[in-house]
Amino acid sequence: MLLPVLPPLRPMLAKASKDLPAGDFLYEPKWDGLRCLVFRDGDTIELLGRNEKPLTRFFPEVVGYLLEQLPPHCVIDGELLIATKSGLDFDRLSQRIQSTAEQVEQLAQSASASLMVFDLLALGDKDLRAEPLAERRRLLLESFGQLQSPLHLTPATVDGAVAQEWYDRFQGSGFDGVMAKPLEGTYAEDKRTQIKVKHHQTADCVVAGYRVHPEGGVTSLLLGLYEDAAEDGAEPQLQPVGLCSGFSASQRRTLAAELTDYEEGGHALHPWPDLTHAVLHSGPQGMEGRNKAWAAAISGEWVPLRCELVVELTYENFTSERFRQAARFVRWRPDKSPTECRFDQVDHPPPPEYETLFPEA
């Protein structure tokens, strides 16, 4: 028997909203992982990411679990995740899809991946894409309700109050926010018919330098946070945690003028005389490989500053002790000392549900 739905196939998408919509929606946590469509046809499993990117060879351990637990002919939609004790680790996922076959085998053993399932597109010889989500969810629960870790069926609710409570509590640790999906909606490939409400959090960081825009001015600020006080009484060190960018041409020029006074002595007294080395060796031990892409992204000309300025910014994801995307400028904080800018303001421990969902972490 051949599947009624075969690749290529593009996943549904979502549009951003500031607030959770009310009405006939199915609400789910928004997971910080890699979107993945799973095709099973007998003994064949194929994993496809966004833009039809083949993922099968990068997650051999997941393929094994899928063969053990899925019905022999089905297509499901989900999210590949890597769960650690402190939360979901997107950097390890990214590292996986940039690795050789030998490295993939090693990573699969040291940091096994999970799959969070949230939609059913085909079952047996039935194409379910034209069915409303409510019916697809019913069939998903009926056929996949007994999935065992590391395969998971996403929590979901039709209660807007519960969804709001999830949004308020599930911050950081790999929870991006909440998804709202119309219960009567069909599976519309590559269409933004779903709604995502993502967290936008604030933090205060030390400005340790800036990168120069090709047309002049500031293209991005280099950000730092101080470590928590060491038990041996050693002075906390300033660690690089990412960038703040997205400035207009006029803002770039204004920032350059504002930062001029902090350039004098910036190089001689800077805690990161070698920025690339500082970035490669920042964060938890063993992150050097995962930081290579970040180090490459900020290589080039930069201007070190005296680490005296504090900036308030907004951000979406803080993982592996850095901002995964560039943060956004809010305002200067002249009232705040740089040494007050510590990691504790971006630490969000996983909610109690995390341990239940990912007992293997």
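Read the figures in this text as sums done on the coordinates, not as results from a lab. Predicted model, so just to flag it, every value in this text is computed and none were measured. We place every Cβ from the backbone using ideal geometry, glycine too, and count neighbours over all the protein chains shown.
Roughly how many debye, to the nearest 20, is the charge dipole of the chain about its Cα centre, given +1 on each Lys and Arg Cβ, -1 on each Asp and Glu Cβ, and no other charges? Spell out each step's value before the answer.
Details: 36 positive and 54 negative charges, 228 e Å.
Dipole magnitude for the chain comes out near 1100 debye.
So, in nm, how far is label Asp159 from label Ser17 when the simple model puts each one 7 Å beyond its Cα toward the Cβ?
2.0 nm
If amide hydrogens are placed 1.01 Å from N in the peptide plane, which non-local residues have theirs closer than 5 Å to the one on Ser173?
His348
How far, in degrees from 0 to 90, does helix 249-259 lean away from the longest principal axis of the Cα atoms of the chain, to the nearest 10?
Relative to the chain, helix 249-259 is tipped by roughly 40 degrees.
In the neighborhood of Pro71, defined by Cβ-to-Cβ distances under 12 Å, what is the net charge if each Lys or Arg adds +1 and each Asp or Glu adds -1? Display every interim value, and only then the final one.
Values: positive: Arg40, Lys126; negative: Asp41, Glu68, Asp125, Glu142.
Once positives and negatives cancel, what remains is -2.
Where does the chain land on Rg/Rh, using Cα atoms and the Kirkwood Rh?
On the way: Rg = 22.6 Å, Rh = 22.3 Å.
Rg/Rh for the chain comes to 1.01.
Which order do peptides 175-183, 127-135 fall in by mean Cβ count within 10 Å, highest first? Write down the numbers at each step before the final one.
Numbers: 175-183: 21.2, 127-135: 16.8.
Averaged packing, sorted descending, gives the order 175-183, 127-135.
Helix 101-110 versus the longest principal axis of the chain: what is the Cα-based angle in degrees, 0 to 90, to the nearest 10?
Roughly 90 degrees, rounded to the nearest 10.
Using per-residue counts of other Cβ atoms within 10 Å, averaged over each peptide, order 19-27, 264-272, 215-223 from highest down.
215-223, 19-27, 264-272
Structure shown: which of Lys18/Lys191; Lys85/Lys336; Lys30/Lys53; Lys30/Lys126; Lys30/Lys85; Lys30/Lys181 lie over 23 Å apart, alpha-carbon to alpha-carbon?
On the way: Lys18/Lys191 19 Å; Lys85/Lys336 32 Å; Lys30/Lys53 21 Å; Lys30/Lys126 28 Å; Lys30/Lys85 19 Å; Lys30/Lys181 11 Å.
Result: Lys85/Lys336; Lys30/Lys126 exceed 23 Å.
Just order 63-70, 34-41 by mean Cβ neighbour count inside 10 Å, highest at the front, would you? Provide the component values of the computation, followed by the final result.
Details: 63-70: 16.1, 34-41: 21.5.
Most protected by this proxy first, the peptides run 34-41, 63-70.
Summing +1 for each Lys or Arg and -1 for each Asp or Glu, what net charge is found among the other residues whose Cβ lies under 10 Å from the Cβ of Val197? Could you put the intermediate results ahead of the total?
Values: positive: Lys18, Lys30, Lys196, Lys198; negative: Asp19, Asp176.
Once positives and negatives cancel, what remains is +2.
Could you tally the net charge around Pro271, taking each other residue with its Cβ under 14 Å from the Cβ of Pro271, Lys/Arg +1 and Asp/Glu -1? Could the numbers behind the result be given before it?
Values: positive: Arg306; negative: Glu227, Glu235, Asp274, Glu308.
For residues surrounding Pro271, the net value is -3.
Taking a point 7 angstrom from the Cα of Leu139 along the C-beta vector, which residues in the range 46-74 have backbone N less than 16 Å away?
Counting backbone N atoms under 16 Å from the label point, the list is 71-74.
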